[in-house]
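The values are calculated or read from the model by the stated rules, or taken from the named source; none is laboratory data. Everything quoted here is computed from the prediction, not taken from an experiment. Ideal geometry is used to build each Cβ from the backbone, glycine not excepted, and the neighbour counts take in all protein chains shown. All accessible areas refer to the heavy atoms of the entire protein, side chains included, with ligands and DNA or RNA removed. Shrake-Rupley method; radii C 1.70, N 1.55, O 1.52, S 1.80 Å.
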Amino acid sequence: MFLSNVILVCLLVGTFHTPAVAATIILTPILAPVANSFGIDPVHFGLVLVVSVAIGHVTPPVALTLYIGSGISGVPVSKLMRPLMPFLAVLIGGIPDADSKNLPAERRIRRIELYVTTAEYDPIRYEFGLMIAENWKKLGFDVKVTPLEWSRLATEGIKKKNFDAFTLAWGGRAERIDPDHFCYQVNHSSQVHRGQYNINGMKNPGYDKYAELQRTTIDPEKRREAVWKCQEIFAEVQPHTPILSRRQLQPYNARDWEGWTPMMGEGLQSFWNIMNVKPKTDRKVLHWGYPSDVTTLNPMAAVATHDFQTLRLIYDRLYRVNPEGKPVPWAAASLKEIDETTIQVKIRAGMKFHDGKPVTSADVKFSFEYPTKVKSGYFMGLVKPIKEIQIIDDLTVQFKLHKPFAPFIANCLGQVFILPKHIWETIPESVGLKNALDYTNEKPIGSGPFKLVYWRRNEELRADWVDGYFNPPHIDGFIKIPYANVQGMAAGVETGECDFGGWWIEPIQAERIEKTKHAKVAVVRNHGYYHINYNMRRKPFDDKAVRYALAYAIPKQLILNRLLEGYGEITHSIITPANKFWHNPNVRKFDFDMEKARKTLADAGYEWDDKGRIYYPPGKTDDKVQPSAPER
């Protein structure tokens with residue numbers, strides 16, 4: 001009679017088929033005498049124990065402990081309270097690991113962590129990160145959003161590749177108008193190492209073929225065909241999801257300064273802006289605001305756009321990309337193409353480093369060889385096309401390339417910093433280090449138009465113009481002021497504390513600043529873009545179906561309208577619409593569509609329990625993290 005009652009209750013609740021209940025039924029008659037020895041009615045004990053397991057989905061030991069505990073604790077439990085024990089078991093037992101669908105717990109997708117910038121540093125990235133996370137949760141993913149300070153985000157995401165997913169904005173630097181940065185450095189399989197820009201770990205031989213082809217095709221029209229193919233394959237693989245290209249709203253003091261020269265992608269951070277701006281008063285030191293400090297003055301260790309934009313004012317380059325996007329000679333006096341793989345460069349006569357030593361061809365040769373020696377992640381990729389460098393005379397070097405390289409002038413001669421050989425050739429040993437990338441270089445010596453005076457971390461950095469420089473700026477120097485956030489930077493321009501803001505402000509801030517008597521706001525198109533990175537080395541991001549679904553769940557139009565008030569352009573490609581010649585408008589598009597996102601997952605075999613939580617297809621679990629990301 002006892003066992004019959006237990007089985008009857010189990011059948012009534014419809015869970016007899018679960019292993020936990022079946023095991024409990026078998027064990028109950030054995031445990032009943034134990035319960036009886038404590039003065040507990042064995043029939044009532046059996047009913048409560050089984051129902052607790054069946055309805056509450058708790059484990060038999062939890063149910064047993066709850067019931068017997070109530071009998072021996074010394075706390076009177078009335079017959080009226082005993083029937084409530086199963087429901088107490090439900091409350092204490094909590095949410096089950098699996099449900100009535102019997103999906104194995106080991107197939108449930110782990111919690112994924114989405115890194116975003118802090119709201120203070122970039123409120124747009126912070127807000128759209130939250131918006132995206134909510135949509136991913138609707139697909140059944142358990143998402144944790146973690147705001148990080150920019151320096152840590154750059155370290156964990158770009159340098160270490162230690163992330164699940166994170167928001168990033170590729171800066172539209174001048175040298176990135178040429179498509180090689182986005183086609184090769186961001187996505188080629190050779191660029192996956194520490195400090196390099198293949199953040200997602202994509203390894204796709206078909207993509208690599210065209211990324212390499214666009215480098216060796218000299219004719220612009222034919223090169224564009226390869227660049228378009230890169231964009232098509234990228235969109236199909238979807239290692240990261242481009243969201244939008246933001247119009248840059250940057251405030252500046254129009255009353256006291258003139259000659260402002262904003263540039264596509266860089267806005268007022270442009271090298272040419274600093275060189276061209278002129279004082280309208282006796283004050284000749286420009287105050288430059290930014291929502292964070294420089295992270296390093298070591299040119300070999302730099303990865304952040306803000307660091308490069310500071311370092312290029314201290315260190316020279318052979319070429320610089322002008323506001324129209326064309327590479328023009330800078331430290332180079334002339335360039336001669338001997339043949340398609342041999343380029344001879346003569347440097348300007350009379351150039352000096354800030355310590356007074358002359359700049360020679362030996363310094364240039366050293367500067368292009370040193371990155372490989374010290375394994376500078378970013379610059380190694382830039383100098384890779386060079387086979388050897390010869391010194392012709394004190395002012396002339398000759399570059400021999402492995403094969404023709406279309407972006408050599410813009411992306412190699414236009415990016416590598418000229419280092420003083422007499423200082424760097426003994427680093428890191430002379431400073432007691434094993435790795436040159438760990439050198440802080442807090443007193444940099446370059447040959448650029450400005451020389452560092454001091455850098456007080458998180459307070460300010462000052463650099464003054466170099467007397468006798470071949471192309472002198474119109475200012476005596478600049479002071480960089482690091483603010484805690486964008487709001488502080490905007491307020492700095494509004495109050496006159498700084499003369500321009502180097503980062504983008506929000507439309508509401510722009511409206512307020514435009515009402516002041518001294519300030520205006522520049523509006524600049526951008527070939528950089530906001531995007532979400534997926535770490536393809538880790539599950540579930542190794543599966544293209546997951547990346548597709550997550551991409552479909554990004555509300556691009558809503559982000560543009562609600563957060564940017566229309567100041568931007570949606571993009572589906574690594575080359576944005578602003579970079580018109582190279583942009584491919586015909587790539588696969590991932591417009592917001594939650595139904596398509598869910599169907600993509602279902603078609604790939606993903607399943608959901610009755611609480612909406614997502615599970616891997618049969619045969620796949622989170623037990624292993626892949627060291628690399630081969631395409632499926």
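Quick look at the values:
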quantity: Conditions (1) part of a loop (DSSP other than H, G, I, E, B); (2) buried (at least 17 other Cβ atoms within 10 Å of the Cβ); number of the one not met by residue 490; calculated: (1)
quantity: Residues being out of contact with any Leu (no Cβ under 8 Å at 6 or more places or on another chain), within 17 Å of residue 384 (Cα to Cα) and part of a loop (DSSP other than H, G, I, E, B) - total across region 180-200; calculated: 9
quantity: Matching residues in region 123-175 - criterion: being under 14 Å from the mean Cα position of the chain (by Cα), over 20 Å from residue 296 (Cα atoms) and among the acidic types (Asp, Glu); calculated: 164
quantity: Positions within region 493-534 being under 24 Å from residue 279 (Cα atoms), in contact (Cβ under 8 Å) with a residue 24 or more places away in the chain and assigned to a helix (DSSP H, G or I), in sequence order; calculated: 493, 494, 510, 513
quantity: One residue from 547, 537 being open to solvent by less than 20 Å² (accessible area, probe 1.4 Å), basic (Lys, Arg) and within 29 Å of residue 176 (Cα to Cα); calculated: 547
quantity: Given (1) closer than 30 Å to residue 488 by Cα; (2) in contact (Cβ under 8 Å) with a residue 60 or more places away in the chain; (3) of a type in the set (A, V, I, L, M, F, W, C), number of the condition residue 453 does not satisfy; calculated: (2)
quantity: The listed residue being under 31 Å from the mean Cα position of the chain (by Cα) and of a type in the set (Gly, Ala, Ser), out of 432, 468, 448; calculated: 448
quantity: Cβ-Cβ under 6 Å pairs, at least 6 apart or on other chains, region 280-304 side without any contact (Cβ under 8 Å) to a residue 40 or more places away in the chain, far side open to solvent by 10 Å² or more (accessible area, probe 1.4 Å); calculated: 280/256; 280/258; 281/256
quantity: In region 550-577, the residues that are hydroxyl-bearing (Ser, Thr, Tyr), open to solvent by 10 Å² or more (accessible area, probe 1.4 Å) and in a loop (DSSP other than H, G, I, E, B); calculated: 567
quantity: Pairs with Cβ under 7 Å, 6+ apart, first in region 561-574 and closer than 13 Å to residue 243 by Cα, second of a type in the set (Gly, Ala, Ser) and part of a helix (DSSP H, G or I); calculated: 572/235; 573/235
quantity: Top-ranked residue of region 441-477 - restricted to ones that are among the hydroxyl-bearing types (Ser, Thr, Tyr) and assigned to a loop (DSSP other than H, G, I, E, B), ranked as most open to solvent (accessible area, probe 1.4 Å); calculated: 469
quantity: Residue in region 401-413 that is open to solvent by less than 10 Å² (accessible area, probe 1.4 Å) and assigned to a loop (DSSP other than H, G, I, E, B) present; calculated: yes
quantity: The listed residue being more than 22 Å from residue 194 (Cβ to Cβ) and modelled with pLDDT of 90 or more, out of 168, 139, 91; calculated: 139
quantity: Residue in region 527-542 that is more than 23 Å from the chain's Cα centre (by Cα) and not charged (D, E, K, R) present; calculated: no
quantity: Qualifying strands (runs of 3 or more DSSP E) (wholly inside region 295-362; at least 2 residues being open to solvent by 20 Å² or more (accessible area, probe 1.4 Å) and closer than 26 Å to residue 474 by Cα); calculated: 327-329, 332-339
quantity: Residue within region 134-152 that is without any contact (Cβ under 8 Å) to a residue 12 or more places away in the chain, in contact with a helix residue (DSSP H, G or I) (Cβ under 6 Å, 6 or more places away or on another chain) and not acidic (Asp, Glu) present; calculated: no
quantity: Residue that is nearest to residue 487 (Cα to Cα), among those in region 242-278 that are charged (D, E, K, R) and open to solvent by 40 Å² or more (accessible area, probe 1.4 Å); calculated: 247
quantity: Matching option when the condition is of a type in the set (Lys, Arg), surrounded by fewer than 20 Cβ atoms within 10 Å (Cβ to Cβ) and in a strand (DSSP E or B), among 365, 387; calculated: 387
quantity: Matching residues, region 199-241, being open to solvent by 30 Å² or more (accessible area, probe 1.4 Å) and either under 30 Å from residue 559 (Cα atoms) or in contact with a strand residue (DSSP E or B) (Cβ under 7 Å, 6 or more places away or on another chain) (or both); calculated: 203, 228, 229, 232, 233, 236
